[in-house]
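J.: One structure coming up, written as structure tokens, with questions to follow.
The values are calculated or read from the model by the stated rules, or taken from the named source; none is laboratory data. Note that the coordinates shown come from a computational prediction; the quantities given were computed from them, not determined experimentally. No Cβ is skipped: glycine too gets one built from the backbone with ideal geometry, and neighbour counts run over all protein chains shown.
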Amino acid sequence: MTKPDRQLDWAMANRTFRRAFRSSFHYAMATVGENGAPHLTPIGSVLLNDPGRGIFFDIFSSQLSQNLDRDPRVCVLAVDSAKSFWLASLARGHFMGPPALRLTGTAGPRRTATPTEQQRWLRRVRPARRLKGHQLLWGNLTHVRDLTFHSALPVHLGAMTKHLETQPPHPEQNGIKPTATA
Ligand SMILES: Cc1cc2nc3c(=O)[nH]c(=O)nc-3n(C[C@H](O)[C@H](O)[C@H](O)COP(=O)(O)O)c2cc1C
């Protein structure tokens with residue numbers, strides 16, 4: 001059961017997610033295999049929307065997609081692995097924001113991506129637009145799945161995240177605090 005006082009506000013979740021993408025280029029997406037075994041897949045194209053909502057492009061996966069068709073439960077782990085973030089945090093003795101974030105929820109059926117969704121992803125990978133692999137990877141962004149998250153929990157790391165663990169409980173929307181607390 002999720003502890004409400006450990007819920008992240010959605011703005012903070014978004015920031016952690018963006019930092020993680022910039023440094024790692026993917027998130028670890030966990031699904032449930034046929035026999036109940038955990039299954040992990042690297043997925044880069046998770047885009048967060050309103051509080052507790054997001055999408056990802058389901059293009060290349062096979063096992064992941066089969067798992068979600070059978071059991072929609074999903075857990076997404078985002079880790080900021082930027083050297084600069086870690087060195088600055090280690091020097092300071094605390095992390096300014098969570099070093100990692102765990103989003104838990106469900107994925108909807110695979111559906112056709114809208115032009116707006118495609119454009120949003122293409123904006124994110126625009127710096128690579130002139131490179132050969134850009135068209136190979138993102139030239140055919142046909143399908144997405146909707147994500148609905150019921151919890152967004154920061155990953156704690158001993159004394160260096162202690163100050164982030166004491167945030168007071170907030171009103172919740174889908175179990176996820178909608179705004180930043182400053
Ligand atoms: C960094 C990285 C990011 C990826 N992002 C995506 C993605 O956003 N969408 C997708 O369909 N596949 C993506 N893939 C490819 C899948 O992870 C890959 O096809 C994987 O083998 C699928 O495994 P599974 O379906 O057996 O779990 C990515 C792979 C890597 C290495």
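J.: Please count how many residues of segment 54-95 are farther than 23 Å from PHE149 by Cβ and of a type in the set (A, V, I, L, M). Lay out the reasoning, then the answer.
T.: From segment 54-95, those farther than 23 Å from PHE149 by Cβ are 62, 82-94; that's our starting set.
Restricting the remaining residues to those that are of a type in the set (A, V, I, L, M) gives 82, 87-88, 90-91.
Here the count works out to 5.
J.: Assess whether ARG15 counts as being modelled with pLDDT under 95, surrounded by 14 or more Cβ atoms within 10 Å (Cβ to Cβ), under 12 Å from the mean Cα position of the chain (by Cα) and among the basic types (Lys, Arg). Working first, answer last.
T.: On the way: modelled with pLDDT under 95: yes; surrounded by 14 or more Cβ atoms within 10 Å (Cβ to Cβ): yes; under 12 Å from the mean Cα position of the chain (by Cα): yes; among the basic types (Lys, Arg): yes.
Against the criterion (modelled with pLDDT under 95, surrounded by 14 or more Cβ atoms within 10 Å (Cβ to Cβ), under 12 Å from the mean Cα position of the chain (by Cα) and among the basic types (Lys, Arg)), ARG15 qualifies.
J.: Could you grab me the full set of residues in segment 130-162 that are over 24 Å from ASN14 (Cα atoms) and either in a loop (DSSP other than H, G, I, E, B) or among the hydroxyl-bearing types (Ser, Thr, Tyr) (or both)?
T.: Start the filter on segment 130-162 by keeping residues that are over 24 Å from ASN14 (Cα atoms), which leaves 130-137, 139-140, 142.
Matches in segment 130-162: ARG130, LEU131, GLY139, ASN140, THR142.
J.: Go through (1) surrounded by 15 or more Cβ atoms within 10 Å (Cβ to Cβ); (2) farther than 17 Å from ARG102 by Cα; (3) aliphatic (A, V, I, L, M); (4) modelled with pLDDT under 90 one by one and return the number of the condition MET160 breaks.
T.: (4)
J.: So for segment 61-75 (the condition being of a type in the set (Val, Ile, Thr) and out of contact with any Gly (no Cβ under 8 Å at 6 or more places or on another chain)), does at least one residue qualify?
T.: We begin by selecting, within segment 61-75, every residue of a type in the set (Val, Ile, Thr); these are 74.
Narrowing the set further to residues that are out of contact with any Gly (no Cβ under 8 Å at 6 or more places or on another chain) leaves none.
Taking every residue of segment 61-75 in turn, none turns out to be of a type in the set (Val, Ile, Thr) and out of contact with any Gly (no Cβ under 8 Å at 6 or more places or on another chain).
J.: Just give me the residues in segment 31-46 being near the ligand (Cβ under 10 Å from one of its atoms) and in contact (Cβ under 8 Å) with a residue 40 or more places away in the chain, in sequence order.
T.: Kept after step one, since they are near the ligand (Cβ under 10 Å from one of its atoms), are these residues of segment 31-46: 31, 33, 39-46.
Those that are near the ligand (Cβ under 10 Å from one of its atoms) and in contact (Cβ under 8 Å) with a residue 40 or more places away in the chain: THR31, SER45, VAL46.
J.: Quick one: in segment 77-91, which of the residues that are out of contact with any Gly (no Cβ under 9 Å at 6 or more places or on another chain) and not in a helix (DSSP H, G or I) is nearest to ALA28 (Cα to Cα)?
T.: Among them, the one singled out is LEU77.
J.: Related question: Which residue, of THR112, THR104, THR142, THR116, is farther than 22 Å from THR16 by Cα, at pLDDT 95 or above and in contact with a His (Cβ under 8 Å, 6 or more places away or on another chain)? Explain how you work it out, then say what you get.
T.: Working: THR104 fails: farther than 22 Å from THR16 by Cα; THR142 fails: in contact with a His (Cβ under 8 Å, 6 or more places away or on another chain); THR116 fails: in contact with a His (Cβ under 8 Å, 6 or more places away or on another chain).
Just one listed residue meets the conditions, THR112.
J.: When you scan segment 74-87, do you find a residue that is within 8 Å of the ligand (Cβ to nearest atom), farther than 16 Å from ARG15 by Cβ and out of contact with any Lys or Arg (no Cβ under 7 Å at 6 or more places or on another chain), even just one? Even if it seems obvious, please write down each step before you answer.
T.: Residues of segment 74-87 that are within 8 Å of the ligand (Cβ to nearest atom), as a first pass: none.
No, segment 74-87 contains no residue that is within 8 Å of the ligand (Cβ to nearest atom), farther than 16 Å from ARG15 by Cβ and out of contact with any Lys or Arg (no Cβ under 7 Å at 6 or more places or on another chain).
J.: I need every pair where a residue in segment 59-77 that is among the charged types (D, E, K, R) and modelled with pLDDT of 95 or more has its Cβ under 6 Å from the Cβ of a residue that is within 13 Å of the ligand (Cβ to nearest atom) and not in a helix (DSSP H, G or I), sequence separation at least 6 or different chains.
T.: ASP71/VAL32; ARG73/VAL32
J.: State whether one or more residues within segment 51-67 are of a type in the set (Gly, Ala, Ser), more than 10 Å from the ligand (Cβ to nearest atom), surrounded by fewer than 16 Cβ atoms within 10 Å (Cβ to Cβ) and more than 26 Å from GLY139 (Cα to Cα). So that I can check it myself, show each step before the final result.
T.: First, pick out the residues of segment 51-67 that are of a type in the set (Gly, Ala, Ser): 52, 54, 61-62, 65.
Within this subset, residues satisfying the condition of being more than 10 Å from the ligand (Cβ to nearest atom) are 52, 54.
With the extra rule that they be surrounded by fewer than 16 Cβ atoms within 10 Å (Cβ to Cβ), the set shrinks to none.
Scanning segment 51-67, I find no residue that is of a type in the set (Gly, Ala, Ser), more than 10 Å from the ligand (Cβ to nearest atom), surrounded by fewer than 16 Cβ atoms within 10 Å (Cβ to Cβ) and more than 26 Å from GLY139 (Cα to Cα), so the answer is no.
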